[in-house]
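Below you'll find the structure, written out as structure tokens, and then a few comments.
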Amino acid sequence: MLTNLIVFILASIIGSEVISKVPQTLHTPLMSGSNAISGITIVGALVVAGMVGDPWAMYLGMAALIFATTNVVGGFMVTDRMLQMFKKKE
Amino acid sequence: MKQNIIDIAYLVSAIMFIYGLKRLQSPATARKGNQLAGVGMFVAVAATLFVQQILTPAQMLIGVVVGGGFGAILAKRVEMTGMPELVAAFNGFGGAASALVAGAEIARFLAPNAADLMGGAVMGGIDAITISLSILIGMVTFTGSFVAFGKLSGRISGNPVIFPGLRVITILFMLGAIASMVYMETGAGDFSVAGFVSDPVVQAALAIAVIGAVLGILLVIPIGGADMPVVVALLNSYSGLAAAATGFVLDSTALIVSGALVGASGLILTNIMCEAMNRSLFNVLIGGFGGDSDGAGPAGAVSAEGLTVNSTSADDVAILLSYASKVIFVPGYGMAVAQAQHAVRELAEELAKKDVEVKFAVHPVAGRMPGHMNVLLAEANVPYDQLFEMDEINGEFETTDVAVVIGANDVVNPAARHDKASPIFGMPILNVDHAATSIVLKRSMRPGYAGIDNELFYNTNNQMLFGDAKDSITNVINEVKAL
């Protein structure tokens, strides 16, 4: 538990340092891209849904898997779509 | 051994996420950064699938294909103006996934073969706390995001919904959540084998899920349409915290690290948006500020003080712009609503041909989410090196011949600087009134998002070009070409 807390705090600090330097121009892609990263719950969903043995765990896990995958795939794709539009003056 | 491989894979993906986000610091490297983060996600998923004992790979594949297909369709179809709604919806999905995983974890603890599933571990007091937090944050994010989605997409009214007792009810629900957590805490470790649904832990979990869902709605409905960008950023942060909480439940470093990154990102953006509006987060969350832009004020009204405005025409504007040496465009969400961004870019190009220096000034709250206006202009092929943030460009208005305001209102209202009675007093604004001449393109004299009158319109060096922004700009382009 304590280890988890330490990891959480350190990651928050790294996140703040990295993200506070992102320019306003990219704030929307930052939101959709980081949102896709929060879809990492997909990993948790795979574990709970995949290690069957209990039907309830399976149902809840499958629902979580579908939600999380939508989040991950949609989030990364739409961010990519936005970012390819940002061009410098030729 | 297996666990080690997975942990290393998760470490690799966490590093990819961090460097992916780092590359978002410049538009030149941003796309690669996002792709790197995507690869990081793939590594995490692949490691989980191949190394963990996933007993039903076929079913997992179906889940991934269904969810992925749905996400892909949404991502491909969305209009750039609809980006805030989409991000809100994705936030909601992330929150729901976190709550569901925590729920599934309870089911595994309670399963008849739990000793097998959980490696002999029993649900303890700490598990009860992390699981209930994960469900609570996840559900608040889920319903809160969908209320925000509804408000942003116009499916529900953007006006703040406030009724007597709202705050009291909200606080009661929060207390209820704490009580349910305590109830789950007492039930942990001692499961009645009698039945799943009659178990106190399950009852507490369901209660927390319902309370979280209601809280999400109660927390977002009082917030007005003008404040939605803050809310979307805050919910983005929540979706990260929900993932991190699930990481505590599953003891998964991957989830904790990624969740913390997103949580930090959302909080920073929330803070930037609050500063740009000169409002505290608490003040935003209390709600009641600003409604739909189309709800306020009659069209064509003259201000209360009987002041008049100078109206101009497309050919006058064309002459003014063509013979200027420096022009700054100030786009607002109204430009996107009128779909005028392509015309504006064309006008900027025509002026550049006449050796006019052209820049775009983007206020942090232009558009309906952080950075939204920049995306809309990028879609219209405006090069990103012509876009300037408020602090970069505010000193330049003094030396600017013409500032053209298109569909922006409150962010150029000088009242924010000196009128203590104005609701937007103290909000940082673009110094459009410092330019030699300002031109405001506007459909009518209707007030802006915050529903207040704009002093700029009555300045002697300000001219109004009334009409649909796209039509007006197109007329100006034709006149400029004819010169």
Within region A:54-70, restricting to residues that are at the interface with chain B (Cβ under 7 Å from one of its Cβ atoms) and among the aliphatic types (A, V, I, L, M), the one that is surrounded by the most Cβ atoms within 10 Å (Cβ to Cβ) is A:Ala68
At the interface with chain B (Cβ under 7 Å from one of its Cβ atoms) and hydrophobic (A, V, I, L, M, F, W, C), is that true of A:Met51? yes
In this structure, is B:Glu357 within 24 Å of B:Ala28 (Cβ to Cβ), of a type in the set (D, E, K, R) and touching a residue at least 12 places away in the same chain (Cβ under 8 Å)? yes
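If we keep just the residues of region B:385-435 that are hydroxyl-bearing (Ser, Thr, Tyr) and surrounded by fewer than 22 Cβ atoms within 10 Å (Cβ to Cβ), which is farthest from the chain's Cα centre (by Cα)?
B:Thr399
Residue under question is B:Glu379, and the condition is that it be among the charged types (D, E, K, R), over 30 Å from the mean Cα position of the chain (by Cα) and surrounded by fewer than 24 Cβ atoms within 10 Å (Cβ to Cβ); does it hold?
no
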Give the residue that is farthest from the chain's Cα centre (by Cα), with candidates limited to residues of region B:235-279 that are buried (at least 24 other Cβ atoms within 10 Å of the Cβ) and free of Cβ contacts under 8 Å to residues at least 24 places away in the same chain. B:Gly247
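Which is under 26 Å from the mean Cα position of the chain (by Cα) and not assigned by TED's automatic domain parsing to the domain that holds B:Ala380, of B:Ala88, B:Ala58?
Working: B:Ala58 fails: under 26 Å from the mean Cα position of the chain (by Cα).
Going through B:Ala88, B:Ala58 in turn, the sole match is B:Ala88.
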Can you name the condition, by its number, that B:Gly63 falls short on among (1) in the same structural domain as B:Ile129 (by TED's automatic domain parsing); (2) within 30 Å of B:Leu152 (Cβ to Cβ); (3) at pLDDT below 95? (1)
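If you take the residues in region B:213-229 that are assigned to a helix (DSSP H, G or I) and modelled with pLDDT under 90, which one is surrounded by the most Cβ atoms within 10 Å (Cβ to Cβ)?
Keep residues of region B:213-229 that are assigned to a helix (DSSP H, G or I), which gives B:213-220, B:225-229.
Now narrow it down to the ones that are modelled with pLDDT under 90: B:225-229.
Working: B:Gly225: 23, B:Ala226: 24, B:Asp227: 27, B:Met228: 25, B:Pro229: 31.
Only one residue fits best here, namely B:Pro229.
Restricting attention to region B:212-234, which residues are in contact (Cβ under 8 Å) with a residue 60 or more places away in the chain and β-branched (Val, Ile, Thr)? Outline the logic, then answer.
First, the residues of region B:212-234 that are in contact (Cβ under 8 Å) with a residue 60 or more places away in the chain: B:212-217, B:219-229, B:231-233.
Residues satisfying the conditions are B:Val214, B:Ile217, B:Val220, B:Ile221, B:Ile223, B:Val231, B:Val232.
Does B:Gly247 fit the bill of being more than 8 Å from chain A (Cβ to nearest Cβ) and either under 14 Å from B:Ala99 (Cα atoms) or at pLDDT 85 or above (or both)?
Working: more than 8 Å from chain A (Cβ to nearest Cβ): no; either under 14 Å from B:Ala99 (Cα atoms) or at pLDDT 85 or above (or both): yes.
Here the answer is no, as B:Gly247 does not meet what is asked.
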Are any residues in region B:26-68 more than 8 Å from every other protein chain (Cβ to nearest Cβ), aliphatic (A, V, I, L, M) and within 26 Å of B:Leu261 (Cα to Cα), and if so, which ones? B:Leu36, B:Val39, B:Val43, B:Ala46, B:Ala47, B:Val51
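Please determine whether any residue of region A:71-79 is within 7 Å of another protein chain (Cβ to nearest Cβ) and over 30 Å from B:Ala28 (Cα atoms).
First, the residues of region A:71-79 that are within 7 Å of another protein chain (Cβ to nearest Cβ): A:71-79.
Those still in the list that are over 30 Å from B:Ala28 (Cα atoms) too: none.
No, region A:71-79 has no match at all.
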Being aliphatic (A, V, I, L, M) and part of a helix (DSSP H, G or I) is the filter here, so list the residues in region B:1-29 that pass it. B:Ile5, B:Ile6, B:Ile8, B:Ala9, B:Leu11, B:Val12, B:Ala14, B:Ile15, B:Met16, B:Ile18, B:Leu21, B:Leu24
Just need a number here: residues in region A:8-24 that are of a type outside the set (A, V, I, L, M, F, W, C), facing another protein chain (nearest Cβ under 7 Å) and part of a helix (DSSP H, G or I). 4
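The values are calculated or read from the model by the stated rules, or taken from the named source; none is laboratory data. Just so we're clear, the structure is a prediction, and the values are computed from it rather than from any experiment. Counting neighbours? That spans all protein chains shown, and the Cβs are built from the backbone with ideal geometry, glycine included.
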